[in-house]
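Read-outs: derived from the displayed coordinates by stated rules, not from any lab. Worth saying up front: this structure is predicted, and the values here are computed from it rather than measured. Virtual Cβ from ideal backbone geometry, glycine too; neighbours counted across all protein chains shown.
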Amino acid sequence: MNAWKKLWMGTSVACLLLLVSACSNKDITESKHSPSPVPSATPTTQTQVNDHSLTEKDMMIGDLKIGQSPNEVKQKLGKPTEESISHGIGDPLWIYKEKGLELNLGEAVWAIRVNSPFLGKTPRDIGIGSTKIDVATAYPEAKEVKGNGDSQRLEQKSANNKYSIIFTLEKDKVTHIALTMDLVIK
């Protein structure tokens, strides 16, 4: 019986030592029993974060961008094919039919609409003829909105709702792209 007592006591002491050393071993306790360490509050860049939010940097297509002055537009594109007025607001509407382009502007461009034969692309590489899958990959936060007839529309807005981009698709191909910036009516 003495041998059993010694074996039992030795095993108990060994287990107790193992338990104490395991509890004091920081690596073991953190990895098995503690939640993951909280990431530091170090600022990250857009390349470090998989952020798909729409921002002012997305508000361009080809050489045109929201906020561009009318003079910059005329220097790049020349005189518009047609000049009209934006319905309901009275701002100029410039139409470049041969380029597949319409611009709404006041002191600056606040809306750009393109269709074929426009060749420019957004900063995320989407243009006329891109597929629905291409759009969904480049703009994963885009939501499907009601289109006209057989067309589909995917729209993404910025977090503050100041900017939006709408892709109109027919047969899963982009046929029109509209970029807009909300206006502050004075």
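Things to note:
- Exceedance of the 32 Å cut-off in Cα-Cα distance is limited, within the set Lys76/Lys157; Lys74/Lys173; Lys57/Lys97; Lys76/Lys146; Lys74/Lys146, to Lys76/Lys146; Lys74/Lys146.
- Straight-distance candidates among the aspartates and glutamates for linking to Lys143, with alpha-carbon spacing under 12 Å and chain neighbours fewer than 8 residues away dropped: Glu155.
- Electrostatic dipole magnitude of segment 56-181 [Cβ: Lys, Arg +1; Asp, Glu -1; Cα centre; debye, to 20]: 120 debye
- The Cα atoms of segment 97-183 cover 37, 34, 27 Å along the three principal axes, with the biggest extent listed first.
- Segment Leu183..Gln75, full-extension length gain: 36.5 nm, with 0.36 nm per residue of separation and the alpha-carbon distance subtracted.
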